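J.: Got a structure for you, questions after.
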Amino acid sequence: MTQATKQAFIDALERLIKGEPTNLKLNKKAKKGKLKVNDNTVEQEAGLSVGSLRNHTDIKDMIKARTLNSEVESSNFAESEVDLLQTKIKKLKSEKTQLNKLKIKHLTASRKNEEALATQAALHIKMVQELMEMIPESQREKAMDKIVNTRPDNVIKGSFR
């Protein structure tokens, strides 16, 4: 890596940490408060191709360190990187717990709805059978053909006995 490239990465990292990128796309994200500092955004800000940091672990380590340091400095509750990461872990665990509860809730509702649908289908089939029995036997086949020809997807196949 040339010294100019390395300096481009360092300058890009500094601009991103300050929240003042020159890249238009990143600048829009910064104004919305959604700018993230990572390898990809540093490459974009430096104006270099995707993956240009791939073999440059020293710059990647610098990105990680500065990103964590800037998060610690801007945090009101974390005094060190460890505190910040532990807080993030607690938050993620809490989110995971909430998502698992929501998953169980939806799974339970889905199973109830599935049972209700099966019950409703059984009642519907029984009702249709009774209605068909009300039609004289000579006209039943003609009535069924009329239903099937009107809407071919209207017939449910299955063994119900």
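The values are calculated or read from the model by the stated rules, or taken from the named source; none is laboratory data. Just so you know, these numbers come straight off a predicted model, no measurement behind them. FYI the Cβ positions are ideal-geometry reconstructions off the backbone, even for glycines, and counts take in every protein chain you see.
J.: From Glu71, Glu45, which residue is part of a helix (DSSP H, G or I), in contact with a Pro (Cβ under 8 Å, 6 or more places away or on another chain) and of a type in the set (Asp, Glu)?
T.: Details: Glu71 fails: in contact with a Pro (Cβ under 8 Å, 6 or more places away or on another chain).
Among Glu71, Glu45, only Glu45 is part of a helix (DSSP H, G or I), in contact with a Pro (Cβ under 8 Å, 6 or more places away or on another chain) and of a type in the set (Asp, Glu).
J.: Still on this structure: Those residues that are exposed (fewer than 10 other Cβ atoms within 10 Å of the Cβ), in a helix (DSSP H, G or I) and either under 46 Å from the mean Cα position of the chain (by Cα) or in contact (Cβ under 8 Å) with a residue 60 or more places away in the chain (or both), I need them from the stretch 124-151; list them, please.
T.: The answer is Asn149, Thr150.
J.: Could you tell me which residue of the stretch 12-48 is surrounded by the most Cβ atoms within 10 Å (Cβ to Cβ), considering only residues that are within 17 Å of Thr2 (Cβ to Cβ) and within 27 Å of the chain's Cα centre (by Cα)?
T.: Only one residue fits best here, namely Val42.
J.: So Glu79 fits all but one of (1) outside the structural domain of Gln7 (by TED's automatic domain parsing); (2) assigned to a helix (DSSP H, G or I); what number is the exception?
T.: (2)
J.: Being in contact with a Ser or Thr (Cβ under 6 Å, 6 or more places away or on another chain), among the acidic types (Asp, Glu) and modelled with pLDDT of 85 or more narrows it down to one of Glu43, Glu95, so name that one. Give the steps one after another, and end with the answer.
T.: Numbers: Glu95 fails: in contact with a Ser or Thr (Cβ under 6 Å, 6 or more places away or on another chain).
The conditions single out Glu43.
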